[in-house]
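The values are calculated or read from the model by the stated rules, or taken from the named source; none is laboratory data. From a predicted model like this one, the values you see are computed outputs, not experimental measurements. Positions of Cβ are generated from backbone atoms using ideal geometry, with glycine treated the same way; all protein chains shown enter the neighbour counts. Ligands, DNA and RNA are stripped out before the accessible areas are found, and what is left, the full protein with its side chains, is counted by its heavy atoms. Shrake-Rupley method; radii C 1.70, N 1.55, O 1.52, S 1.80 Å.
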Amino acid sequence: MSIFRDIPPTAGFPLSGREFAAAYRQRHAGDLLAQDFSDYLGVAVAAITCSGTAALYIICQSLKELSSKRTILLPSFICPLTALAVKRAGFDILLYDIGEKDFNGISQQVADICAGSDDIAAILVDHLAGIACDITRFSLTVREHGLLVIEDCAQSLGALYKGKKVGTLGDFSFFSLAAGKGLTMYEGGVLVANRPEHAALIAATMNRLIRQDSFVEFCRVMELLGYGLFYRPRLFWFVFTLPELWWTMRGDLVKALREDFEIDFPVHGVSGFRKAVCRGAFHRIESSIELQREKALRYSAALGGCAGLTIVQEAPGDRATYPYVTVVFDLPEQKKTALKVFSGSGLGVSRIYALALADYSYLRGIVPDMNSSKARMLAERTITLSTSPFLQEHDMEKTISLVKTIAR
Ligand SMILES: Cc1ncc(COP(=O)(O)O)c(C=O)c1O
């Protein structure tokens, strides 16, 4: 096996030259991508944005027209970009903690926070790792305090909660079309509004905030083409693992995991070509979910009963998409051992977030240090196993055997 054979850590869609050529021919129909999403999800409004973060930013800016309150509740273990989007839109942040061995928020804590503040406009729930968050547990508090619900579906396109697609359960939601997220345009997002009466508001906010930026869009097209070339086991090491090793060696875990974000993220229009690339791959969503689920179920069947670890899984009746599988070890030392053992293995073993949201130094002053003990435990003890289409049975066998040894 080549030392450079490297499985991507998540189940991104590979893209071929033929697909790019077809997208180029279909670039004038790119704008139909929004309709594809609203048909697939069965929602009133879907709009394409240049990132999931930009979609959340536009949602929050729109929220200001719907509520005079200026605080949004975020979970304690989430992509730092969400905090930057909320802050940039002019909202303060309060945190609620998630479960010790799952990603569900603690409902009593949310109720207590809401009882203690009359400034909360919305709660953001995150369907992390393709697993539907148990949103019903917040229903009572949401009703009592008139909160709007925003779903972060960045990692969960196609996931089902009690038979319903995530992204259709709250007032607003967003999806990410970033590299490695499955369906991709390298950087991109989808904004969803579930109530038809919000359509005009979203359209007006998008009109106001989105500027055409040919240079940034040109760079994104180049990056997307580069993705098509490098997103394969033979070349992935050079663009992904090498920079990760470099920053890890320099002791900068946040940069190694590409979590060093800035608040002035771009908000610009997306070209017909990039939208057409997504349209061309749209038909792969359901079959890819099935393949990801097969791999995830294989991992959970082999590891689910092991002492020393927990696999984060869907609730009965739900359908997770599992762009990766999350393993929570009992002890932080086991995670450290796992990262050493799998370093350079090329087996697609990685991490979710470097830290709890409150612990990123660049978010100091933006995110309060509160309700983060479970998130810290997760950050210290979690690894992820890839469900990439490149992963083969022998890769999974090797990974399972090593994880079992570490958990013992
Ligand atoms: C859970 C979650 N929320 C939000 C985002 C932000 O999405 P994007 O990268 O498309 O801006 C991401 C992306 O990494 C994510 O994983």
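Could you please find all residues in segment 1-54 being aliphatic (A, V, I, L, M) and closer than 30 Å to Phe342 by Cβ? Those that are aliphatic (A, V, I, L, M) and closer than 30 Å to Phe342 by Cβ: Met1, Ile3, Ile7, Ala11, Leu15. Taking the criterion of being modelled with pLDDT of 95 or more, open to solvent by 30 Å² or more (accessible area, probe 1.4 Å) and assigned to a helix (DSSP H, G or I), the residues of segment 23-37 that qualify are Tyr24, Arg25, Arg27, His28, Leu32, Gln35, Asp36. Looking across segment 38-60, the residues that are near the ligand (Cβ under 9 Å from one of its atoms), touching a helix residue (DSSP H, G or I) at 6+ places or on another chain (Cβ under 6 Å) and assigned to a helix (DSSP H, G or I) come down to Thr53, Leu56.
The set of residues in segment 372-382 that are open to solvent by 50 Å² or more (accessible area, probe 1.4 Å) and in contact with a strand residue (DSSP E or B) (Cβ under 7 Å, 6 or more places away or on another chain) contains only Lys374.
Screening Phe138 against (1) more than 16 Å from the ligand (Cβ to nearest atom); (2) surrounded by fewer than 22 Cβ atoms within 10 Å (Cβ to Cβ) leaves a single unmet condition, (2). Per the listing Ala115, Ala111, Ala129, the residue uniquely crowded, with 20+ Cβ neighbours inside 10 Å and aliphatic (A, V, I, L, M) is Ala129. For Leu95, the test of being touching a Pro at 6+ places or on another chain (Cβ under 8 Å), open to solvent by less than 30 Å² (accessible area, probe 1.4 Å) and either part of a strand (DSSP E or B) or away from the ligand (no atom under 15 Å from the Cβ) (or both) is passed. Quick check on segment 76-87. Is at least one of its residues within 17 Å of the chain's Cα centre (by Cα) and either away from the ligand (no atom under 14 Å from the Cβ) or closer than 22 Å to Gly317 by Cβ (or both)? No, segment 76-87 contains no residue that is within 17 Å of the chain's Cα centre (by Cα) and either away from the ligand (no atom under 14 Å from the Cβ) or closer than 22 Å to Gly317 by Cβ (or both). Annotation: of all residues in segment 157-175 being hydrophobic (A, V, I, L, M, F, W, C) and more than 14 Å from the ligand (Cβ to nearest atom), the one that is farthest from the chain's Cα centre (by Cα) is Leu169. Of the helices (runs of 4 or more DSSP H) lying entirely inside segment 162-262, those carrying at least 2 residues that are out of contact with any His (no Cβ under 7 Å at 6 or more places or on another chain), without any contact (Cβ under 8 Å) to a residue 24 or more places away in the chain and open to solvent by 30 Å² or more (accessible area, probe 1.4 Å) are 199-209, 214-230, 242-249. The listed residues are Lys295, Lys340, and the only one of them that is open to solvent by less than 40 Å² (accessible area, probe 1.4 Å), of a type in the set (Lys, Arg) and more than 15 Å from Phe103 (Cα to Cα) turns out to be Lys295.
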